[in-house]
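Here you go, one structure.
The values are calculated or read from the model by the stated rules, or taken from the named source; none is laboratory data. Bear in mind that the values here come from a model prediction, so they are computed numbers and not experimental data. Neighbour counts are summed over all protein chains in view; Cβ atoms, including those assigned to glycine, are modelled from backbone coordinates with ideal geometry. For accessibility, only protein heavy atoms count, side chains too; no ligands or nucleic acids. Shrake-Rupley method; radii C 1.70, N 1.55, O 1.52, S 1.80 Å.
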Amino acid sequence: SIKLDGESLLCPDLKANSSIAIYTLNGSLVMKKTIRQDGEYAFPVLNLSNGVYMVNVNGLSYKFMKK
């Protein structure tokens, strides 16, 4: 699962070639990344506008809010 720590969105325990995509609620793509090696990925959220976002990690969707 993913975690929001205030400054970053943390995706722990990813396998190589995992994909992460972040979308606004209206479906606009904000970021898409393919992880090249096993491990954790942290996406900085400080530059995102306040609001609700959907995160798709390897086909699983999560919702988070940036305040």
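Per the 1.4 Å probe, what fraction of the accessible area of the chain, in percent, lies on carbon and sulfur atoms? Present the calculation step by step, with values, prior to reporting the outcome.
On the way: 2070 of 4410 Å².
Ligands and nucleic acids excluded, carbon and sulfur reach 47 percent.
Run the paramagnetic zone check for residue 46: 7 angstrom along Cα to Cβ, then residues of region 1-38 with backbone nitrogen under 14 Å.
Answer for this model: 5-9.
Okay, moving on. Keeping all protein chains in place, calculate the accessible area per residue for the chain (probe 1.4 angstrom), answer in Å².
Working: 4410 Å² over 67 residues.
Result: 66 Å² per residue.
Relative contact order for the chain: what is it in percent, counting Cα pairs under 8 Å that are at least 6 residues apart? The partial results should precede the final answer.
Working: 133 pairs, mean separation 21.7, N = 67.
About 32 percent, as a whole number.
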